[in-house]
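Enquirer: Got a structure for you, written out below as C-alpha cells; questions coming shortly.
The values are calculated or read from the model by the stated rules, or taken from the named source; none is laboratory data. Just so we're clear, the structure is a prediction, and the values are computed from it rather than from any experiment. No Cβ is skipped: glycine too gets one built from the backbone with ideal geometry, and neighbour counts run over all protein chains shown. The area values use the complete protein model at the heavy-atom level, side chains included, leaving out ligands, DNA and RNA. Shrake-Rupley method; radii C 1.70, N 1.55, O 1.52, S 1.80 Å.
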Amino acid sequence: MNFRSEITGVGSFVPEKIFTNFDLEKLLDTTDEWIQQRTGIEQRHWADANTSNSDLGLIAAQRAIKNAGLMNKDIDMIIYATLSPDHDFPGNGCFLQAKLGITEIACLDIRQQCTGFIYALSIADKFILSGSHKNILIVGSEIHSKGLDKSPNGRNISVLFGDGAGAVVVSRKELLDSKKDSRILTTQLFADGAFAKELWIPAPGTALGADRLNRQMLEEGLNFPQMNGKSVFVHATKKMTECLLSSCKEANIELSQIDLFLFHQANLRINSKVAEMLMIPEEKVFNTIQKYGNTTAATIPLGMDDAIKAGVLKKGMLVASAAFGSGFTWASAVFRY
Ligand code: UT7
C-alpha cells in the first residue's frame, strides 16, 4: 500500500498573561513605537512562575489529539521541538509523555530553534511514509520569558520573544489521489553552522572552561540570548525566499497555486520582504507576530491553529511554510491541509 502523511489534528495554547509593549517600556528602556515600527509586535504572552514548557505543550497536544479524533494511546511517537525545555535532560518529549499517560513509545527532542517545527514535520513525514508509525505527535513549545535579560541591556532581544505552544498530529493514510489528497508534499531542511554564534546562548555549556555554569558567566550575562540582529535579518530574507522556491519546485507546484503562506514570525518586516520579493499577495500571508511575538518552535503550529479558527485555513488548501533561525537553520514545507 502507498502511504501519505496527513496533518489530522492541530492545537495550541498560550499563557493567559499578556505583556504589551507599554508594559515593557517600564522595564527595558524601549518604546511601543520602536517595537512596532521595527518588528510589528504589539504584545506577547509570558507564562507565570509555576508554568513549565511541558505544561504549555501538554494543553496544545491534548487539543491536537482531540481534533485528530484520536485518544492519547493512539500516539506512537512524540517529537518535541524546543530551545527552552523544562530541564537540561531528559528531553521534554519524556516529560510530556508522562503527562499524557502514554507508555513505551519513542520520544525525540530536537533543537532547531525557529526552524524546529518544520524539521519535526519532516522527520514525522519520513517515519510515517516508511510504514513504521501511524500517528506522530509534534509539539513546538517555548517559555522564553524566564530566560530573557529584562534589564535595559537586553532590550534589543527581550522585546522580540513570547511564550506559547502549538501541536499537530501527523497520521498515516492510504494514498488514493496524489493531486487531491491532504498530505505533506515536500519538506526541505538546511543549516550553516558557520553562523552558529550569530544567535545563541553561550551558557551553560561545556565549551566554556572547567564549569558548565559559574558566577562569572552569570555576571557577564552569558546565560542570556545574544544576537546579531542585522545579520539574522539579511540571511532570513534570502534563505526563506530561496527555500520556498525550491520546495515549490520539488513539489511541482507554482508559487501562485499556494493558497496560504505560514511563515515563521520573527519580524513582520522579514515576512513582508519575502512576500514582496516573491510577489506573493499580502492577504495570502498569515501573520501572528503582532499578538504573540516570536515563539520560536511554537510559531508555525500556533499560527496554523489560529488560521483554522479564523476560517482562513480550510481542509484541502495548499500551504507553504518557511522558517529561519539560530544555527543558522532554515527550512520549508509544502502540504495540502
Ligand atoms: O527567528 C530569528 C530571531 N531573530 C530575528 O529574526 C531577528 C532579525 N533581526 C531583526 O528583527 C532586527 O534586526 C531587530 C528588530 C532585532 C533590530 O532592528 P534594526 O532595525 O536592525 O535595529 P538596530 O539593531 O540597528 O538598532 C537601531 C537602534 C540602535 O540605536 P542607535 O545605535 O541607532 O542609537 C539600538 O540601540 O535601535 C536601538 N534599539 C532599541 N531602541 C529601542 C535596539 N533595541 C531597541 C529597543 N528599543 N528594544
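Enquirer: May I ask you to list the residues in segment 46-91 that are among the small types (Gly, Ala, Ser) and either touching a His at 6+ places or on another chain (Cβ under 8 Å) or open to solvent by less than 10 Å² (accessible area, probe 1.4 Å) (or both)? Give the steps one after another, and end with the answer.
Expert: Taking segment 46-91 first, the residues among the small types (Gly, Ala, Ser) are 47, 49, 52, 54, 57, 60-61, 64, 68-69, 81, 84, 91.
Across segment 46-91, the qualifying residues are Ser54, Gly57, Ala60, Ala61, Ala64, Ala81, Ser84.
Enquirer: If you don't mind, there's one more thing I want to ask. Restricting attention to segment 307-337, which residues are open to solvent by 20 Å² or more (accessible area, probe 1.4 Å) and more than 16 Å from the ligand (Cβ to nearest atom)?
Expert: Ile308, Lys309, Ala310, Gly311, Val312, Lys314, Lys315, Gly316, Met317, Arg336, Tyr337
Enquirer: Against the definition (in a helix (DSSP H, G or I) and over 27 Å from Glu198 (Cβ atoms)), how does Met304 come out, yes or no? Working first, answer last.
Expert: Working: in a helix (DSSP H, G or I): yes; over 27 Å from Glu198 (Cβ atoms): yes.
When the stated conditions are applied, Met304 passes them.
Enquirer: Condition test on Phe127, is it aromatic (Phe, Trp, Tyr), in a helix (DSSP H, G or I), open to solvent by less than 10 Å² (accessible area, probe 1.4 Å) and under 28 Å from Arg336 (Cβ atoms)? Give the derivation first.
Expert: Numbers: aromatic (Phe, Trp, Tyr): yes; in a helix (DSSP H, G or I): yes; open to solvent by less than 10 Å² (accessible area, probe 1.4 Å): no; under 28 Å from Arg336 (Cβ atoms): yes.
It is false that Phe127 is aromatic (Phe, Trp, Tyr), in a helix (DSSP H, G or I), open to solvent by less than 10 Å² (accessible area, probe 1.4 Å) and under 28 Å from Arg336 (Cβ atoms).
Enquirer: crowded, with 16+ Cβ neighbours inside 10 Å and assigned to a helix (DSSP H, G or I): which single residue out of Ala266, Ala203, Ala275, Ala194 fits that description? Steps first, answer last, please.
Expert: On the way: Ala266 fails: assigned to a helix (DSSP H, G or I); Ala203 fails: assigned to a helix (DSSP H, G or I); Ala194 fails: crowded, with 16+ Cβ neighbours inside 10 Å.
Residue meeting the stated conditions: Ala275.
Enquirer: Now a separate question. Could you tell me whether Ile138 is open to solvent by less than 10 Å² (accessible area, probe 1.4 Å), in contact with a Lys or Arg (Cβ under 6 Å, 6 or more places away or on another chain) and not assigned by TED's automatic domain parsing to the domain that holds Lys230?
Expert: Numbers: open to solvent by less than 10 Å² (accessible area, probe 1.4 Å): yes; in contact with a Lys or Arg (Cβ under 6 Å, 6 or more places away or on another chain): no; not assigned by TED's automatic domain parsing to the domain that holds Lys230: yes.
Against the criterion (open to solvent by less than 10 Å² (accessible area, probe 1.4 Å), in contact with a Lys or Arg (Cβ under 6 Å, 6 or more places away or on another chain) and not assigned by TED's automatic domain parsing to the domain that holds Lys230), Ile138 does not qualify.
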